[in-house]
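Input: a single structure, listed below in C-alpha cells.
The values are calculated or read from the model by the stated rules, or taken from the named source; none is laboratory data. Quantities reported herein were computed from a predicted structural model and do not represent experimental measurements. For neighbour counting, all protein chains shown are included, and Cβ atoms are generated from backbone atoms with ideal geometry for every residue, glycine included. Heavy atoms of the whole protein, side chains included, go into the accessibility calculation; ligands, DNA and RNA do not. Shrake-Rupley method; radii C 1.70, N 1.55, O 1.52, S 1.80 Å.
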Amino acid sequence: MLENNNINLIDKSPPSISEKPDKDKEAQERANWGNGVEFLMSCISMSVGLGNVWRFPFTAYENGGGAFLIPYICVLLFIGKPMYYLEMILGQFSSKSSIAVWCICPLFKGVGVGQMFGTISIITYYSSLLALTLYYFGVSFQAVLPWAFCKPEYGESCVNSASSEDDVMKSNFTTDLKSSSEFYFLRDVLHEKNDISDGLGSPDWKLTITLFVSWLVVFLVIMKGVKSSGKAAYFLALFPYVVLIALLVRAVTLEGAVDGIIFFLKPQWSELINLKVWKEAVVQCFFSLAVGLGPLIMFSSYNKFEHKIYRDAMIVTSLDTVTSLLAGITMFAILGNLAHNLNISNINEVVKSGTGLAFISYPDAIAKFQAVPQVFSVLFFFMLFVLGVGSEVALVSGLVSALADRYTTIKFWIFALLVCIAGFFIGLIYITPGGQWILNLVDYFGGTYVVFCLAVFEMIGIFWIYGLQNFCDDVEFMTDRKVTVYWRLCWTIITPGLMAVMFIYSLVSMTTIQYSGWDYPESAIIAGWLVFVFGLIQFPLWAFWAITHNCNQGFLAAVKKLLKPSEEWGPADPENRANWKLFKANKVEERRKAKDSNKISFAMQKFSNLIGRTK
C-alpha cells in the first residue's frame, strides 16, 4: 500500500487533463446548504426511496426471508457505511462533484466518468417508474378503482381484485388465474409485448404526459441547485414516513397480516451459505444507499467545511435499514391479507417481483380494503412518487453539478433544463409496449454491474494509490477526530475485498437474462453487454488519454505524475487550504521524528544486547 507521507506528494505542475480553477473564485461562488438539516434531509430523501419500499421486501423474500437480514446488516457494516462515509468525506473536503474530485488521483478520473454513466443509466429508467406511479396516482381518484374489477376482454381467467365470495370459490377450483390488477397493468397501462424481436412499439400517450410531468417536477426542484432542492428536501424526506406509518398501522390490523409478516421474517438458515444471497445483499445496499453513483459526493460538496459529517453518515445509513424493515413488514402484511382473501396458502403465489410488486400486488391488495380504498391508493402512490422524486432529484443533480463544475460559464439551471429534456426523450423508450424489457436490461448491465465494478477501483485509487495515511490525515484535519481502526481496515482491505469477491462471483454465476420468463433476442443481449463494456471501459480510456497528454518525459514519468494528486486537490477555501498544508507538513515531521526515534531506540537496544553478551 502506498502511503505517500511526504507533503510534496501534491503535483505542483499545472494540470493538463482539466483547466486549473481559480480557487478563490470557486470558494466564493459555490453554494452551500441553508443549514445542516437541509443536507441531512436531502441525504435521507436520496437514500430512502423506491428500493426500500418495493425492492427490499421482495429481495429479502427471494433470498432467505429473515435470514437475508443477517447478510444485509453485515454488508451494511462492512460495505455500506464505509462507502457512504467515504463519499461524504470526499465531497465535503474538496467541494467538488463526483468527476472533479478525482484530482485526488488523476489517472483514475475515468472511474468517476464510468460511475456517471451508471447514474445516467438509472436516471433514464427511474423516470419511467415515476411516470407509472403518477399515472396510478391520477386514476386512483375515480369512484371505482379501474383495476378492481375484470373487464370482458380479460377473459375467464380473470379474478376481481376487489374479490367477492364468488371469486374465492372460483380460485378454489380454477388454476392459472390472474387478478384484474395484473391484467390492468399489463394490458391497459403497459400494453406489454411478449416479444420485442419486431420492435418496442410506440409510447403510450397517457404515460407520455405523466413522464413529462415527472420531469417537470424534477426540474422545478433542482433548477436553483441546493437553494431549491434543500427546501424541498424537508417534504421529500418526511412525508413518506407519515404515509408509511399510516399504512403500517392499517396493514397490521388486516386479516392474515400476521401470516404475511411471519412469512417475511421467518429465516431460512440454509441460505446463509449461499453466495448469491450475499451478492444480492450487496446489490441491494448499493441500490438503496446510492453509493458508487456520485450524488452523495455532490450533496456533501455543498457542505460547509466544518460540518459534522460523521453524525449524518451514521444517521442516514441506520435510518435506511430501519425504513427497509418497516416497509417490508408493511408490504408483507398487506400481501398476507391478499393471500387470506384469495384463500391461497403460499404467499409467494401472490407476489410479483420488479415493477409488478408495486403496480400489481399492492394495487390488488388496496382494492380489497373495505373502506374507501381510493384514499389508501392515493396516499400509497403519492408516497411512491415522493420517494421516487427524492432519489431522482439526487441522481439528476449529481449529473448537472458535474457538468456545471466543468463548464463554469454556463448557468446551473440551463444544464438542469437540458438534462431534463434529454431525460424525457430517452425515457420515452421505457413507456413503450416493450419498455419494461429494456428497463430490465439496462438495470442489469448498466445500473448494477458497472457501478459494482467501478466501486472497487474507487477504493483502490483512494486508499492504495493516494494512500490510507494521507486520507486519514485529511479526515482528521476536517473533522478534528482521528480515524479508528474499523474505518482503516474497512477502507483498505475488507470493503474492496468483499466487493471484488462478490463481483467475480456475479460474473462467474451469471445466467442468461430473461424478462418474466421470456428470453431476450440475441441482439438485445449484445446491446446489454455493449452497455456494460461502455461504462467499464471509461476507466482505461480516460487513463490512456491522460497519459498521452502527459508523456513529454516518457510513459513511466506520466503515470507517476498522474498517480499523485494534482494542485486542485484540497480544501477549496484558501484559508482552510493553507492550514491543511501546514497540518500535513506537521504530520509528516511528527512521523519522521517518531521513525528516527524508533531507529535510535532500536540501535541502543542492539548495542545494549551486544554489551551484555560481551560481559
With the cut-off at 27 Å, tell me which of the pairs LYS206/LYS411; LYS279/LYS561; LYS560/LYS587 have Cα atoms farther apart than that. LYS206/LYS411; LYS279/LYS561
Heavy-atom accessible area per residue - the stretch 252-319, 1.4 Å, Å²: 42
Just report the Cα centroid separation between the stretch 458-492 and the stretch 421-446, whole Å. 38
Cα axis of helix 574-614 to longest principal axis of the chain: angle in degrees, 0 to 90, nearest 10? 60
State, as an integer percentage, the relative contact order of the chain based on alpha-carbon contacts under 8 Å between residues 6 or more apart. 34
Measure nothing but the geometry: give the 0 to 90° angle between the long axis through the Cα atoms of 275-289 and the longest principal axis through the Cα atoms of the chain, rounded to 10°. 80
To the nearest 10 degrees, how steep is helix 226-251 against the longest Cα principal axis of the chain, on a 0 to 90 scale? 50
Net charge of Cβ neighbours under 13 Å - reference SER391; Lys, Arg +1; Asp, Glu -1: -1
Under 15 Å, Cβ to Cβ, from PRO496 - net charge with Lys/Arg +1 and Asp/Glu -1: 0
Gained length - ILE494 relative to THR548, 0.36 nm times residue gap less alpha-carbon distance: 16.0 nm
Hey, got the dipole for the chain? About the Cα centre, +1 on K and R Cβ, -1 on D and E Cβ, debye to the nearest 20? 2860
Which Cys residues of the chain have no other Cys Cβ less than 4.7 Å away and so no disulfide-compatible partner by this rule? CYS43, CYS74, CYS103, CYS105, CYS285, CYS420, CYS453, CYS472, CYS490, CYS551
